[in-house]
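Undergrad: The structure is given below, and queries will be raised subsequently.
Derivation of every value follows stated rules applied to the coordinates shown; laboratory data play no part. What you are looking at is a predicted structure, and each value in this text was computed from that prediction instead of being measured. Cβ sites come from the backbone with ideal geometry, for glycine too, and all protein chains shown count toward neighbours.
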Amino acid sequence: MTDKPANTMWGGRFAMSPAEIMQEINASIGFDKQLAPQDIRGSKAHAAMLAEAGIITKSDAREIAKGLDKIKAEIDAGTFEFSRALEDVHMNVENRLKELIGPAAGRLHTARSRNDQVATDFRLFVRDAIDGIDEALANVQQALAEKAEAHAATVMPGFTHLQPAQPVTFGHHLLAYVEMIARDRGRFADARKRLNESPLGSAALAGTSFPIDREQTAQALGFDRPMANSLDGVSDRDFALEALAAATITAVHFSRLAEEIVIWMTPQFGFVKLSDRFTTGSSIMPQKRNPDAAELARAKVGRIAAAFQGLVIVMKGLPLAYSKDMQEDKETTFDAFSSLRLVMAAMAGMIADLEPNAEAMRAAAGRGYSTATDLADWLVRELKMPFREAHHVTGSIVKAAEAKGVDLDQLSLSDMQAVEPRITKAVFSVLSVENSVKSRTSYGGTAPQNVAKMARQWLRRLEKARGKV
Ligand code: ARG
């Protein structure tokens, strides 16, 4: 294959075309064709600026823009033929432009290099991805807040060490994830701010001698300003790393929620029922109902975290400015974002469909001496006992209940008084799970009135933000 003519984009210096294996390792078109919309946006902005600055003629710029629009339409229609010999999306588009409009196409690459071109395309892509992710995260928050409002008073066991700890409400538990996702959105928004500078015009690495207007292209592409250093412009991928880090943390949150859904769905817990829409059966065991969607949402964090780590390793130790290593930034980043998109959509659907079994949760909430802390607090409040002593006394009462095989609220007053004679029957009021959660009125606590208020607040906030878009 080496006797084929050299690449037409740089053929001047080359007598032979690349070895087959060289093409295979070098070509990125298999995945960077995903950047075509951004590539065309970037090229249109560049061409318009070149004409404005008098670097190319207005009529050439018009031809270029028309040709690029045609290419966009071909790509959208699926009729565009991507060629591996043309290596990447940039050269595929430019080559097609030449076929469509002739020599004027050759002027598009004036004062530009694929280095600033790809940096621009990839930034635009990551920015678009962030915007899509933010919207999807808002949808998950919405589903969670709606469920939380409906179940502000539905009691369930709260766990530490996955051992029953204190009763909480299901709404409170769901709102914990609304808060996590709010921080996830904050991380993406923050990454977006730093990302939003234009590398276009950095050219290969040193800038250009043409009188380009980098402000104009930055503005046309929705960037806040041009990047201030051309070497930096073409050689950093920290914007992708930040977005991948944010995606990883987000995926960790979803993985935890997914794991909880898996646990809650086991017959042993029986806390929730997930609709047929998000479960599967087994080909051999007719009784099965498996939470596959939750399991996959739990697992996707693996590839998302790997994308982050992979790019960290690619970038580590790379000398300035561009090196081809950086072509390895895209495939895994694309995959990470589309994986996250799947996770978010599946989670939003699952949460909306999730049906808690209030009786099972209520019953479980009462088991495991979950109101022991309420008892200890009562001793502190009513008998003015120091908390450490109250903790000890309560421990002895739990031991007595355990010996009798009953829950705390089933233990008789005389059994309790055998441990601490000053206890009165008023103590029973704090031993029910309902009263336990009701009493947790501290800010951020699980009291149903708190939870309902927080859920409503979130729903209002989400509604308002949606109105803005
Ligand atoms: N496909 C390349 C990439 O993704 C585009 C930039 C190529 N630049 C170069 N100097 N060979 O990184």
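Undergrad: Once you've got the Cα coordinates, tell me which of LYS44/LYS330; LYS98/LYS300; LYS66/LYS330 are over 31 Å apart. Before the final figure, lay out each step's value.
TA: Working: LYS44/LYS330 22 Å; LYS98/LYS300 42 Å; LYS66/LYS330 28 Å.
LYS98/LYS300, as the Cα separations exceed 31 Å there.
Undergrad: For n ≥ 4 DSSP H runs only, could you compute -39500 (n - 2.57) per run for the chain, divide by its residues and tell me the 222 nm figure to the nearest 500?
TA: On the way: 19 runs with 286 residues, N = 469.
The helix-only estimate for the chain comes to -20000 deg cm²/dmol at 222 nm.
Undergrad: If we sort 273-285, 324-336 on the protection proxy, mean other Cβ atoms within 10 Å, highest first, what's the order?
TA: Values: 273-285: 12.6, 324-336: 19.2.
Top of the packing list down: 324-336, 273-285.
Undergrad: Separate question: Does region 1-147 come out rounded, prolate or oblate, given a ≥ b ≥ c as the square roots of the eigenvalues of its C-alpha gyration tensor, rounded meaning a/c under 1.5 and, failing that, prolate meaning a/b above b/c? Spell out each step's value before the answer.
TA: On the way: a/c = 2.43, a/b = 1.47, b/c = 1.66.
In terms of gyration-tensor shape, oblate.
Undergrad: Ok, one more. Given that compact globular proteins tend to follow 2.2 N^0.38 Å, what is the ratio of the alpha-carbon Rg of the chain to that value? Intermediate results must be reported in sequence, preceding the final value.
TA: Values: Rg = 30.5 Å, N = 469, 2.2 N^0.38 = 22.8 Å.
Taking N as the residue count of the chain, the ratio is 1.34.
Undergrad: Something else now. Along the three principal axes, how long is region 305-367 when you take its alpha carbons, biggest first, rounded to the nearest angstrom?
TA: Extents along the principal axes: 62, 25, 12 Å.
Undergrad: Under 8 Å for C-alpha pairs, at least 6 residues apart: give me the relative contact order for the chain, rounded to a whole percent.
TA: On the way: 678 pairs, mean separation 78.2, N = 469.
Value for the chain: 17 percent.
Undergrad: Would you mind classifying region 82-130 by shape? Square roots of the alpha carbon gyration tensor eigenvalues, ordered a ≥ b ≥ c; an a/c under 1.5 is rounded, otherwise it is prolate if a/b is larger than b/c and oblate if not.
TA: Values: a/c = 2.28, a/b = 1.63, b/c = 1.40.
Note, shape of region 82-130 comes out prolate.
Undergrad: Measuring from the lowest to the highest alpha carbon on each principal axis, how far does region 121-208 reach, largest first, in angstroms?
TA: 66, 27, 14
Undergrad: Place the peptides 416-429, 93-106, 37-50 in order of packing, highest mean first, counting for every residue the other Cβ atoms within 10 Å and averaging per peptide.
TA: Values: 416-429: 15.1, 93-106: 18.1, 37-50: 23.5.
The densest-packed peptide leads the list: 37-50, 93-106, 416-429.
Undergrad: Need one number: % antiparallel among DSSP beta bridges in the chain, to the nearest 5.
TA: Numbers: 9 of 11 bridges.
The answer is about 80 percent antiparallel.
Undergrad: Compute the separation of the alpha-carbon centres of region 292-321 and region 332-361 and state it in Å as a whole number.
TA: One Cα centre to the other: 20 Å.
Undergrad: Something else now. Can you tell me the equivalent ellipsoid semi-axes for region 300-431? Use √(5λ) from the Cα gyration tensor, largest first, whole Å.
TA: Details: eigenvalues 663, 89, 25 Å².
Listed largest to smallest, the semi-axes of region 300-431 are 58, 21, 11 Å.
Undergrad: How many angstrom separate the Cα center of region 111-140 from the Cα center of region 232-290?
TA: Going from one Cα centre to the other spans 24 Å.
Undergrad: Over 32 Å between C-alpha atoms is what I'm after, so list which of LYS399/LYS438; LYS193/LYS464; LYS404/LYS453; LYS33/LYS288; LYS147/LYS288 land there.
TA: LYS404/LYS453; LYS33/LYS288
Undergrad: Using the Cα centre of the chain as the reference point, and only Cβ charges (+1 on K/R, -1 on D/E), how large is the resulting charge dipole? Debye, rounded to the nearest 20. Let's see the in-between values first.
TA: Working: 58 positive and 59 negative charges, 184 e Å.
With Lys and Arg at +1 and Asp and Glu at -1, about 880 debye.
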